[in-house]
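Data first, discussion second: the structure below is written as structure tokens.
The values are calculated or read from the model by the stated rules, or taken from the named source; none is laboratory data. Remember, predicted model here, so these are calculated numbers, not experimental data. No Cβ is skipped: glycine too gets one built from the backbone with ideal geometry, and neighbour counts run over all protein chains shown.
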Amino acid sequence: MSNAATGESFADLFESSLRTIKEGELVKGTVLAIDDEQVSIDIGFKSEGVVASWEFMDEDGTMLVSPGDEVDVLLEEAEGEDGRIVISKEKADRLKVWDDISAAYKADEPVEGTVLSRVKGGLAVDIGVKAFLPGSQVDLRPVRNLEHVVGQKLQFKIIKFNKRRANIVLSRRALLESERKKMRETTLETLAPGQIVDGVIKNLTDYGAFIDLGGIDGLLHVTDMSWGRVNHPSELFHVGDEIKVKVLKFDQENERVSLGLKQIQPDPWIDASMRYPIGKRIQGKVVSLAEYGAFLELEPGIEGLIHVSEMSWTKRIKHPSKVVNVGDDVEAVVLDVDERDRKISLGMKQIEPNPWSVIEEKYPVGTKVSGAVRNVTNFGVFVGLEEGIDGLVHVSDISWTEQIKHPSEKFNKGDMVEAVVLKIDKENEKFSLGIKQLQDNPWNEILQKFPVGSEITGPVTNVADFGAFVKLDEGIEGLIYSSELATERVDNPSDVVSEGQEVTALVTRVDPMEQKISLSIRALTDKEQREALKKVAAQQSARQSTTLGDLLAEKLAAKAGADAPEDGEESES
């Protein structure tokens, strides 16, 4: 049917289209022709419109339309200066984007966009038009470095929209929270102890790792990460790592989940005593040091302790760092295995033979030895014979005659000395030496030089509460007890004698075993006592140690026998 038949002219149709399509509105058109500069489009008007070719090209310059394709354009002017209509593909796209964004905002639907750059307070995002993403709305947790988000294509929720002001504010956090809420509901319905579930490392702390199980977080404690030693979770994981874990406990009411990783693997302590029998030589790496020893990792989850006492046969190790360091590979021997308490005792010194087992063969009793003084104590000096083997010279074995109060009077650290082996205690690893034994005991001569009953004269070297010491010879002193200083009672020896004073006394007792000589001034004025001492001196050759007390005891016994009643006589009660 023609327009004439209907009574409508082309001009009438054109005026009618102008009434239905206004300038500034979107219209549909058909591509008529394409050349290098422009694309001709028919929108049903008396003349076609043209659009610059680049508006229909992609970033690589490829033409995206062909003749006959239907496209959306914006009618800018119904009739331009040259009589043609003015249309725009770019402005149509921009207008369409605003319509799509408005529709998404009203329907509360997410939009997709690319983060362009960082701006003050947040990020600029391209969602077809520029929009603003506040820094607080980037993620569920604060993002310290927003630069890491630039260039990412993400989903967003529109939380503020004003087309007139071209103001659009986005939130990714709101979208994530909504998604997380849905995931939490699903997870809470299905989660149960014993399950092995997938998760993502969300956060690391000193005591463990928080894992996102899908809308709900679970804690993987550091002690449940590995059967072996873990000093910090960062040794095993990074934020964002995907991981399989086992649900150990689940408190649905409080939404608390305890997770385990090592529980997925078999316990290495099962049959550990079979793999590490006592006496077996093993190789391990030092993973930790304590004051009392070093811990060796034998395999993941299995550690053994080398106590400091098991590091050396001969050295006294104060701290394991003197022998080993963390990271060292060490050879040791299994001493004990306790599967129940998860403990393995190891020894390093057992790798080498015990030097104390052959010490008696190397240093038999009576052997003369020499060495440097390694230590001086109040009870003696330690002499080094070889690496780790020290012998003790007790203060009583330094001199036959000298009264040594402290060994430092005679020796300094580093002094070379000679000694004689006196005793070896292999079980307790003790080695006794003597210096005085290098010479004959002078007390055999002293007994002859200062016989009981002889009179001596010498200076007082020291006055004590119990008596006074008198020098008899070089290194030889005698003691006058308080009761022997005078015929009358003496409460304070310093009232009778003083240091440096020359005194004369009688020898009343000589004891070579205890290396003591007893003197008496009182005996000089006691005739009966002097006579008794002469008898003792006569018996000296037959006795090693004789005392005045012994003689007095004999006299009292004889007197008691003389006073005893004869047979038949009655004794007085």
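Count of region 104-126 residues, restricted to those that are more than 12 Å from residue 172 (Cβ to Cβ) and out of contact with any Lys or Arg (no Cβ under 8 Å at 6 or more places or on another chain), is 11. Of the residues making up region 40-77, those that are closer than 15 Å to residue 30 by Cα and hydroxyl-bearing (Ser, Thr, Tyr) are 40, 47, 53, 66.
The C-beta contact set for region 255-266 (first residue touching a residue at least 60 places away in the same chain (Cβ under 8 Å) and buried (at least 20 other Cβ atoms within 10 Å of the Cβ), second residue of a type in the set (Asp, Glu) and outside any strand (DSSP E or B), distance under 8 angstrom, 6+ apart or interchain) comprises 259/224. Each residue in region 293-338 was checked for being free of Cβ contacts under 8 Å to residues at least 24 places away in the same chain and touching a strand residue (DSSP E or B) at 6+ places or on another chain (Cβ under 7 Å), and 1 pass. Per the conditions (1) under 22 Å from residue 300 (Cα atoms); (2) under 18 Å from the mean Cα position of the chain (by Cα), the sole criterion not satisfied by residue 245 is (2). Among strands (runs of 3 or more DSSP E) entirely within region 427-511, having at least 3 residues that are surrounded by 12 or more Cβ atoms within 10 Å (Cβ to Cβ) and not assigned by TED's automatic domain parsing to the domain that holds residue 360 singles out 455-464, 467-473, 476-481, 502-511.
Hey, can you tell me all the residues within region 399-456 that are within 42 Å of the chain's Cα centre (by Cα) and at positive phi? Answer for region 399-456, where residues must be within 42 Å of the chain's Cα centre (by Cα) and at positive phi: 414, 429.
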